[in-house]
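Novice: Input: one structure, supplied below.
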Amino acid sequence: MSIALQYCHITVNDLDESLAFYCDGLGLEMRNDVASGGFRWVTLGSPTQPGLELVLSEPHAGRSQADGDALQELLTKGVLPMLVFSTDDVDATFERVRAAGGEVLQEPIDQPWGPRDCAYRDPSGNMIRIQQQVKA
C-alpha cells in the first residue's frame, strides 16, 4: 500500500491576482480551472511534483455563508497556515517573487536550524516561506 498527498487547498480573495503571483512569481503551472455554482477552483502544480496540486479557491466557494465568512475573517487576519516551498536557489526565487509583486516579509537569510530561507505574503495575505537546504 502507498499513500501520497494529492491536493492542498489555499484560500485566496482573488483568483486571477493569485494566479499571477503563484504562476509568474513561483513558477507554478495552471493545471485545471473549474467553474461551479458561481465560483472557480483552480489547480496549480510544479513539473517537479506531477502528482501534487495546489487548489486555489475563494472563502465562500463550496461553503455555507457562515463558514465562508469565518474563513474570510481568518484570511483577512493573515492567520491561515503558511505554505513552505523548497527550491534549489532561494536567492533567485526570492528575486523572481519580488519582481512579481510579492510582499516581502523576510529577505533570504541562513537559519540556525539549517536552511536558507525567505518569506512573503501572497496577494491575499497568506504567508509563503521558500527555503533551500544548505549543503554541508
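Bear in mind these aren't lab numbers, they're just calculated from the coordinates by the rules spelled out. Computed from a predicted structure; not experimentally measured. Because the Cβ atoms are built from the backbone with ideal geometry, glycine has one as well, and the counts that use them run over all protein chains shown.
Novice: Contour minus end-to-end for residue 32 and residue 7, with contour as 0.36 nm per residue of separation and end-to-end as the Cα-Cα distance?
Specialist: Details: separation 25, 0.36 × 25 = 9.00 nm, distance 1.23 nm.
So the extension gain works out to 7.8 nm.
Novice: Hey, got a sec? Which trypsin sites (Lys or Arg not before Pro) in region 36-136 land in a DSSP loop and have at most 15 other Cβ atoms within 10 Å? Walk me through the numbers before you get to the answer.
Specialist: Working: sites: 40, 63, 77, 96, 98, 116, 121, 129, 135; in loops: 63, 135.
Counting only loop positions with at most 15 other Cβ atoms within 10 Å, the trypsin sites (Lys or Arg not before Pro) in region 36-136 are 135.
Novice: Tell me what the chain gives for mean residue ellipticity at 222 nm when only DSSP H runs of n ≥ 4 count, each as -39,500 (n - 2.57), the sum divided by the residue total, rounded to 500 deg cm²/dmol. Before the final figure, lay out each step's value.
Specialist: Details: 3 runs with 28 residues, N = 136.
It comes out at -6000 deg cm²/dmol, rounded to the nearest 500.
Novice: Related question: Residue by residue, what Karplus-based ³J(HN,Hα) values in Hz, rounded to whole numbers, does region 17-23 have, using 6.51, -1.76 and 1.60 with θ = phi - 60° and x for Gly and Pro?
Specialist: 5, 5, 4, 4, 5, 6, 7
Novice: Dipole magnitude of the chain about its Cα centre, charges +1 at Lys/Arg Cβ and -1 at Asp/Glu Cβ only, in debye to the nearest 20? Walk me through the intermediate numbers first.
Specialist: Numbers: 10 positive and 20 negative charges, 62 e Å.
The calculated dipole for the chain is roughly 300 debye.
Novice: Can you pull the Rg over Rh of region 7-132, Cα-only, Kirkwood? Don't jump to the answer; show the numbers that get you there.
Specialist: Numbers: Rg = 14.8 Å, Rh = 15.1 Å.
Expressed as Rg/Rh, it is 0.98.
Novice: Then there's this: Taking every DSSP beta bridge with both residues inside the chain, roughly what % is antiparallel (nearest 5)? Intermediate results must be reported in sequence, preceding the final value.
Specialist: Working: 22 of 31 bridges.
Percent antiparallel among DSSP bridges in the chain is about 70.
Novice: Given H placed 1.01 Å from N in the peptide plane, which residues other than close sequence neighbours of residue 53 have an amide H under 5 Å from its amide H?
Specialist: Counting only residues 5 or more places away or on other chains, the set is 7, 8.
Novice: Next question. Using the Karplus equation 6.51 cos²θ - 1.76 cosθ + 1.60 (θ = phi - 60°), what ³J(HN,Hα) coupling, rounded to whole Hz, does each residue of region 68-74 give in order, writing x for Gly and Pro?
Specialist: So the J values, rounded to whole Hz, are x, 4, 5, 5, 4, 5, 5.
Novice: Further question on the same structure: Mind giving me the nanometre distance, one decimal, between the label points for residue 82 and residue 103, set 7 Å out from Cα along Cα→Cβ?
Specialist: The answer from the label model is 1.5 nm.
Novice: What FRET efficiency comes out for the pair residue 20/residue 69, r = Cβ-Cβ distance, R0 = 30 Å, nearest 0.05? Write out the running numbers ahead of the final one.
Specialist: On the way: r = 26 Å, r/R0 = 0.87.
Plugging the Cβ-Cβ distance into 1/(1 + (r/R0)^6) gives 0.70.
Novice: Restricting to region 10-61, what percent of DSSP beta bridges are antiparallel, rounded to 5? Don't skip to the end; give the middle numbers.
Specialist: Numbers: 11 of 13 bridges.
In region 10-61, approximately 85 percent of DSSP beta bridges are antiparallel ones.
Novice: Further, regarding this structure: Net charge around residue 93, counting only other residues with Cβ within less than 15 Å of its Cβ (Lys, Arg = +1; Asp, Glu = -1)?
Specialist: Values: positive: 96, 98, 116, 129; negative: 24, 88, 89, 91, 95, 107, 117, 122.
Here the charged neighbours net out to -4.
Novice: Under 5 Å between amide H atoms, partner at least 5 residues away or on a different chain: which partners does residue 103 have, H built in plane at 1.01 Å?
Specialist: Under 5 Å from the amide H of residue 103 lie the amide H atoms of 121, each far enough along the sequence or on another chain.
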